[in-house]
Amino acid sequence: MILIHCPYCDEKRAEIEFAYAGEAHISRPVDPSTYGDEEWERYLFIRANPKGRHHERWRHIHGCGRFFNAVRDTVTDKFETTYKAGEPRK
Amino acid sequence: MSGFRLPTGGRVDRSRPVRFSFDGVSYTGFAGDTLASALLANGVMLFGRSFKYHRPRGLLAAGSEEPNALVSVDRGPGRFTPNLRATNVEVHEGLKAVSQNRWPSLKTDFGAINDRLGMFFPAGFYNKTFMWPRSFWDKLYEPAIRKIAGLGDAPTEDDPDQYAATHAHCDLLIIGAGPAGIDAALEAAGTNRRVTVIDEQDEAGGSALADPSLWQWLERSMKALNDAPNVTILTRTTAFGYYHDNFIGAVQRLTDHLPDDGDAPREKLWRIRAGEVILAQGAIERPLVFAGNDTPGVMLSSAAKTFANRYGVAVGKSVALMATHDSGWHDVFALAKAGVGIAAIIDVRDTVDADLLKQAADLRITVKLSHSVIGVSGRYGVKTIEIAHNDGTGIRSIACDALLMAGGWTPSVHLWSHSKGTLKWCDDIGAYVPDQPNENVRCVGACAGACNFGQGAVIDVLPTPMDQSRIKAFVDFQNDVTAKDIKLAVREGFRSIEHIKRYTTNGMATDQGKTSNLNGLQIASTALAKPITDIGLTTFRPPYTPQTFGALAGHAKGALFQATRTTNIDSWAEEHSAVFELVAQWRRARYFPKAGEDMHAAVNRECVAVRSSVGIFDASTLGKIEVVGPDAAEFLNRMYTNPWKALEPGRCRYGLLLKEDGFITDDGVSARLAPDRFHLTTTTGGAARVLNMMEDYLQTEWPDLNVWLTSTTEQYAVIALQGPNARKLLEPLVEGIDLSAEAFPHMAIREGAICGIPTRLFRVSFTGELGFEINVPTAYGRALWERIMAEGDRYDITPYGTETMHVLRAEKGFIIVGQDTDGTVTPYDASLDWAVGKKKLDFVGKRSLARPDIVAAGRKQLVGLLTDDPNVVLEEGAQIVADPNQPIPMKMIGHVTSSYWSATLGRSIAMALVAGGQDKMGETLHIPMPGKTHTAKISGMVFYDPQGARLNV
Ligand SMILES: [Zn+2]
């Protein structure tokens, strides 16, 4: 069971306290109506799915409740870093 | 019958004899014996039948790597444990063990015919033979194979034992308490680190237990460790898996070794998080591959030494050794000194260390260098062995009753591999050894490749003048894989060891190839004419040894398998003989049958009572979220499809929630209590999901909004009063709220008190009748319910359950998200256009409602369905076709989502998702059901009181 560092609690806690929340840094457009069908499709469905470094969101759902971002290697399953929502991509 | 108890020696307690039985025969052993050592001491050589060929098998090893001697232990009803290694079962007074995979008896086994038919059971046998016809598989092949090929019987009764579980944390976890592990522990004992040492055996010591010269050191060391306050030692504990971030799973066996276990838990699961891990798991001796190497009495040389020195048992009266490695010589010297007769030492090598030859000469042991064993005679025990010079000449027989194999050593890298540490090939020892760690872990001692056992030759199959394609030289003893099976797999085109493994099943038995993997690799490497490092390595996975489901399940079984959520009113329902159903972990009353009523009768009565007078319903499970803050209305306006900003305090609104893809995910009626405060309700099953979704948008998309979300589902008990008499019943109980139609219209909320309890009183209806939902602090739920029941007596108040609630709402065409929708239904598909704010610029899911596939024609749409025969109640989930006479497979155009008998209407009603349904009003569709195809006409969804007259009172 992986240990995950919550950047809000500033503690490493067991994986069961967290919930995965998909790829990170995909912002909802301010005005979705300006998006064409293809643009909207990209926002809604198309994900990076990399082998290696992956920017993803987690929620400390059974802890502080905050969503945060993480960089995890999808091959080794190791977390490189975690950081607060709103901070620039690492 | 050649093993026997040596007159002295061993660590068994000769003053404490214990009686036990094996296959119904009573034997005596000593405290400290394993089932294996005690049976050997009684001359038993035959322990089991092999998996595929049913060949007689004895002991190969003395530890947990044993592949042959699998037994079942019977501790009484429900306490039957199959597939235990006899080498790990501790004998105790009254132990009852039985052999496996034989019928009618171990000695006379019908399945042994497989051995004679061996030519029909080559590698890939299962894949090749039972392909056709398919129908034979279930009825013939599988039952037949299960009967003759297999392991022990699975227990048939519930396991009555208790299993404990615990979490533990330490700075240093040492796995394996052999000499290397003990040294590491001693080093850490003087520090302030918290140290845990675990070992799978009943006694710490590992290989030192088989070496009397180390016993004084062992005693001293264990005393030091036991005295060290920072060291915890767990014996009879198997570290079965190594997981991320130094998380180790281990099972401690607490009572199986005791004659009377009382009520103590049988096993304990340890979940250990360690700062650092030291693996000291030792090494496993490799068997040698030659014809007859599976005959009972042929075993690892280190095992014979362990039986002699640790248990005081000789494996035979005249023992021969087949060696490719020095360690076997030392073992045999130790046996000779313990009083065991040595028939000969045969070594495939042309030269060995002069000192070995001198010691052999001193002990008057016959030595044959450059020779190999080429055959073993004796079906149930070794009688003679045949040897030949490596050039094929000089074939001769040697009489002996046991043959030891010394094939070199394989470091135990199982847990290292679980932790994803890398391995490197080591030519010197012919095995993989740990290379780069992936966690904070290191290996010490033999499992690190530091085997101090002397020199050896690495060899795949012993030289033989016999035709290699006609002999059975076993590689994997448990799965009955021979050298020729592996060669056949290579001939048939398999190149990767992962494929060869699966095709031949080499290393796929319960022992995960502890004794077979390396020999299999060597043979494949030779057959492919490729270096061993080019053909890959199979992966070790948890568990290291098989573990019980009981230990892994722990307390999570029966009623404790998962939590059941109950409302404050649940106990009343139980006392009034409610029939319950589970709804997303909630236990909800489904209906309240009176004496003699079935569900149909009860639901009809409950429905009529609500429509004619008043019904009472426990709605406490509704999800509830308190939304507070200056931007609360703005937030809800962005989340829900309909407008919220203009909603006045004191009023309610039906909220429809989409996901960003445009599909309905939840709904519920919510109330505005104040400009900055809303009381949201969600579906019973959707509460957590909706809160998570709202938090997601609030925290990550709109962090500028000043809003707070709090789950209040469990803070309120909710009593729904529904029916024309609801207001009359409620009026005398309520303080501070004017219930008149003018002062308190439909879809309004008032705060006040009921029976002195503070309440949020909703005037809402999920039945189409005049209705109220009374929210009170949870602890008052049952008390208020009972008070209302008493007051409602004059109106013949009727408690109703979820089934009646479903019928009443269906009569009104109200959808249930998750039943009438399935994650692919838009508001338009569900005829909920009215709930979508046309003037809103944005809300979650709005952009998707213009996606090409969502505006396309022919989408499945929710419609009403009225069967032509009003007495037919369709099955929910039934498929719908347009033409019942088309050939099978028919084109399905939709399915029934809700279907009930309506007592109010005196006929059945249904809702269905039908392709293009909204444009097919009045059309007849067909619903094929077992035995008959029913016809039904598409209708609107509101079957009762379409004008809503009953609400506006
Ligand atoms: Zn946190």
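Please treat every number below as a calculation from the coordinates, not as lab data. Owing to the predicted nature of the structure, the values given are computational and were not obtained by experimental measurement. Cβ: placed from backbone, ideal geometry, glycine included. Neighbour counts: every protein chain shown.
Figures for the structure shown
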quantity	calculated
Antiparallel DSSP beta bridges within chain B, percent to nearest 5	75 percent
Computed helical MRE - 222 nm, chain A, DSSP H runs ≥ 4 contributing -39500 (n - 2.57), nearest 500	-3000 deg cm²/dmol
Two-decimal Rg/Rh across chain B, once Rg and the Kirkwood Rh are taken from alpha-carbon atoms	1.12
Centre separation in Å (Cα based) which lies between region B:761-818 and region B:874-924	30 Å
Helix-only mean residue ellipticity at 222 nm for chain B, each DSSP H run of n ≥ 4 adding -39500 (n - 2.57), per residue, nearest 500	-5500 deg cm²/dmol
Only Lys, Arg (+1) and Asp, Glu (-1) charged, at Cβ; chain B dipole about Cα centre in debye	1800 debye
Table column - 3J(HN,Hα) (Hz), region A:16-22, Karplus curve with 6.51, -1.76, 1.60, x for Gly and Pro	5, 7, 10, 10, 6, 9, x
Amide H partners (placed H, <5 Å) of B:H934, local residues excluded	B:I927, B:M929
Chain A: Cys lacking any partner C-beta under 4.7 angstrom	A:C64
Gap separating the Cα centres of region A:13-90 and region B:365-395, nearest whole Å	66 Å
Dipole axis of the protein assembly as shown (+1 Lys, Arg; -1 Asp, Glu on Cβ), positive-most option in A:H62, B:T8, B:Q162	B:T8
Cα-based Rg and Dmax for region B:4-130, where Dmax is the largest Cα-Cα distance (Å)	16.4, 57
Chain A: relative contact order in percent, alpha carbon pairs under 8 Å with at least 6 residues between	29 percent
Enclosed volume per residue, in Å³, of the convex hull spanned by Cα atoms of region B:575-663	185 Å³
DSSP-defined antiparallel bridges as percent of all bridges, the protein assembly as shown, nearest 5	75 percent
Exposed-loop-free span, longest in chain B, where GluC sites (Glu not before Pro) count as exposed if DSSP calls them loop and at most 10 other C-beta atoms lie within 10 Å	B:158-741
Protection-proxy order for peptides B:168-178, B:404-414, each taking the mean of Cβ atoms within 10 Å per residue, highest first	B:404-414, B:168-178
Only Lys, Arg (+1) and Asp, Glu (-1) charged, at Cβ; region B:347-498 dipole about Cα centre in debye	320 debye
Integer Hz, Karplus 6.51/-1.76/1.60 couplings in order for region B:870-876, x for Gly and Pro	x, 8, 7, 9, 5, 7, 5
Among the listed pairs A:K51/B:K501; A:K12/B:K420; A:K12/A:K78, those beyond 18 Å (Cα-Cα)	A:K51/B:K501; A:K12/B:K420
Cα-based shape type of the protein assembly as shown, given that a ≥ b ≥ c are square roots of the gyration tensor eigenvalues and the cut on a/c is 1.5	prolate
Estimated dipole of region B:601-808 in Debye, rounded to 20 [Cβ of Lys and Arg +1, of Asp and Glu -1, Cα centre]	460 debye
Cα-based Rg of chain A normalised by 2.2 N^0.38 Å, two decimals	1.18
Shape of region B:163-280, Cα gyration tensor, a/c cut at 1.5	oblate
Base-10 log of normalised Debye intensity for region B:823-953 (one unit scatterer per alpha-carbon) at q = 0.12, 0.14 Å⁻¹	-0.54, -0.70
Charge-dipole axis of the protein assembly as shown as Lys and Arg at +1 and Asp and Glu at -1 on Cβ define it, positive-most pick from B:A589, B:I365, B:A334	B:I365
Total lysine pairs under 14 Å (Cα atoms) in region B:262-387, excluding pairs fewer than 8 apart on one chain	5
Cα centroid of region B:614-641 to Cα centroid of region B:531-553, whole Å	50 Å
Listed residues B:T191, B:T237, B:L225: farthest to the positive end of the dipole of region B:163-280 (Cβ charges)	B:T191
Phi to ³J(HN,Hα) by Karplus 6.51 cos²θ - 1.76 cosθ + 1.60 over region B:820-825, Hz, x for Gly, Pro	8, 10, 9, x, 10, 10
Distance (nanometres) between label positions extended 7 Å along Cα→Cβ at B:K645 and B:S21	8.5 nm
Sequence-distant residues sharing a close amide H with B:L658 (under 5 Å, placed H)	B:T641, B:T665
Interchain or long-range residues, amide H under 5 Å from B:A402's placed H	B:S318, B:A320
